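Heads up, the thing below is written out as structure tokens.
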Amino acid sequence: MRAAKKWRRREREGARERVRERERERERERERERERERERERERERERERERERERERERERELLRPSPPSTFLIILFSPWIKRERERERERERERERERERERERERERESEREKERERVRERERERERERERERERERERERERERERERGRERERERERERESEREKERERERERERVRERERERERKKKRASVCVRERVRKRGKG
């Protein structure tokens with residue numbers, strides 16, 4: 001009985017610990033989600049910064065192309081070079097953008113891989129929890145079997161006690177029977193004695209007569 005109580009207490013404590021562990025896991029997941037959100041915000045900030053940089057670059061280009069009387073001749077003179085330079089700069093910008101896109105793609109892949117790894121970790125944890133639950137169920141079944149065995153032992157003991165009591169009752173009945181036999185024997189003895197006394201009394205009376 002004490003063992004069953006201890007086992008139930010351990011089971012309740014284990015259930016409370018599992019609830020606390022699930023809450024901790026949810027908190028860790030929320031923290032990971034907050035970290036992902038912060039990372040996305042940082043990425044958005046970097047993107048805004050890149051956009052500001054592009055805007056500054058465009059402004060510099062506009063400034064360069066803005067006509068001014070003293071430099072008109074130079075602009076005309078260097079116009080092909082300026083065009084080529086602008087095209088090269090645009091190409092470089094496109095290349096940088098492609099590189100940024102590739103980096104974002106790599107980051108998405110890394111994030112996807114991290115998420116898959118987290119899911120594998122969660123799945124392993126769920127599997128371990130299922131295994132622990134199966135083990136607890138097996139332990140409960142063993143405890144039930146032990147309780148059934150104890151009950152069978154108690155029942156066998158009660159049966160033996162009933163048999164012993166029955167045997168004692170039979171013995172008491174045999175003793176009562178022996179006592180009745182002895183009582184009948186004593187009664188026969190008393191009758192014989194009374195008969196003997198009566199015979200002697202008659203003999204004595206005849207002798208006197």
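Hey, quick one: spin label on Val121, modelled 7 Å out along Cα-Cβ, who in the range 21-50 has an amide N within reach, i.e. under 12 Å? Hits in the range 21-50 for Val121 at 12 Å: 25-26, 28-33.
Placing unit charges on each Cβ (+1 for Lys and Arg, -1 for Asp and Glu) gives the chain a dipole about its Cα centre, and among Ser112, Ala3, Val181 the Cα reaching farthest toward its positive end belongs to Val181. Annotation for the range 1-61 versus the range 132-170: alpha-carbon center distance of 52 Å. Adding -39500 (n - 2.57) for every DSSP H run of four residues or longer, then dividing by how many residues the chain holds, sets the calculated 222 nm ellipticity at -37000 deg cm²/dmol.
Read the figures in this text as sums done on the coordinates, not as results from a lab. The structure presented is a predicted model; accordingly, all values stated were derived computationally and were not measured. Cβ sites come from the backbone with ideal geometry, for glycine too, and all protein chains shown count toward neighbours.
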